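The values are calculated or read from the model by the stated rules, or taken from the named source; none is laboratory data. Not measured: the values here are computed from a predicted model. A quick note on method: Cβ atoms are made from the backbone with ideal geometry, for glycine too, and the neighbour counts reach across all protein chains shown. When the accessible area is computed, the model is the full protein with side chains, heavy atoms only, and any ligands, DNA or RNA have been set aside. Shrake-Rupley method; radii C 1.70, N 1.55, O 1.52, S 1.80 Å.
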Amino acid sequence: MQNSTETSIKKAEFVSNLGQYWLTPFSILLALSIVGLPLLLLWLPIGHIFTKRFIANMSTELTDKKLIVRKGVFTRTENTVPLDKITDMALIQGPLMRMFKLHKLTIETAGQSGTGALLNLTGIVDAADFRSQVLAQKEKLSQLEISPVQDENNDTSVVSLLQEISDTLKRIEANSKS
């Protein structure tokens, strides 16, 4: 659930052939084995139903401050990644992915434990554009955090406050000498 102060920038959509991509490797394995041929007749309809439900439950949303990823059929998982914690976003495309015209977007964060990516998003429509939008918003957010500090240092009220403090210290010093 998103904060009322946050605005949604983009909701990612997933390609229609993502379920076929997920079913293909195991289907090939079953088809190549003699024992697997009868199992293939069970695997395809059950796998199709399961992947369809899984994809229907997947969502990825970019807000002005974070990336929210929801997925799962039996166990629903929601990952919220603050944009300022993202250290790397890689686009990966293996041979089978090229055949299905898919990309995997991996997201790594500062302070994440373990090896590998924190999040793997496979099958986002125009993954390169989504990646560039996330990185652009991350850059925009970091510029907004830097700007107030620079403005505060140049603010005339800060300068006048420092002048008052200086004058007060001079008066205290003069009174302590007398």
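Key figures for this structure:
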read-out	value
Filter result for residue 78 (under 24 Å from residue 111 (Cα atoms), touching a Lys or Arg at 6+ places or on another chain (Cβ under 6 Å) and open to solvent by 60 Å² or more (accessible area, probe 1.4 Å))	yes
Output for segment 23-73, where each listed residue is basic (Lys, Arg) and touching a residue at least 40 places away in the same chain (Cβ under 8 Å)	65, 66
Flag for residue 89 being open to solvent by less than 80 Å² (accessible area, probe 1.4 Å), in contact with a helix residue (DSSP H, G or I) (Cβ under 6 Å, 6 or more places away or on another chain) and modelled with pLDDT of 90 or more	yes
Any strands (runs of 3 or more DSSP E) falling wholly within segment 1-88 and containing at least 2 residues that are under 15 Å from the mean Cα position of the chain (by Cα), farther than 25 Å from residue 100 by Cβ and of a type outside the set (D, E, K, R)	8-12, 77-82
Inter-residue pairs, beta-carbon under 9 Å, first under 19 Å from residue 132 (Cβ atoms) and surrounded by 12 or more Cβ atoms within 10 Å (Cβ to Cβ) and in segment 6-17, second among the basic types (Lys, Arg) and at pLDDT 90 or above, 6+ apart	15/101
Number of the condition not met by residue 110 [criteria: (1) at pLDDT below 90; (2) more than 22 Å from residue 64 (Cα to Cα); (3) within 18 Å of the chain's Cα centre (by Cα)]	(2)
Per-region count, segment 96-128, residues free of Cβ contacts under 8 Å to residues at least 12 places away in the same chain, outside any loop (DSSP other than H, G, I, E, B) and in contact with a Lys or Arg (Cβ under 9 Å, 6 or more places away or on another chain)	0
Failed item, numbered, when residue 68 is tested on (1) at pLDDT 90 or above; (2) farther than 21 Å from residue 140 by Cα; (3) surrounded by 14 or more Cβ atoms within 10 Å (Cβ to Cβ); (4) aliphatic (A, V, I, L, M)	(2)
Qualifying position, being open to solvent by less than 80 Å² (accessible area, probe 1.4 Å), more than 24 Å from residue 120 (Cα to Cα) and not basic (Lys, Arg), among 37, 30	30
Meets criteria (in a helix (DSSP H, G or I), out of contact with any His (no Cβ under 7 Å at 6 or more places or on another chain) and touching a residue at least 24 places away in the same chain (Cβ under 8 Å)) for residue 142	yes
Count - residues of segment 58-92 that are of a type in the set (Lys, Arg) and touching a Leu at 6+ places or on another chain (Cβ under 7 Å)	2
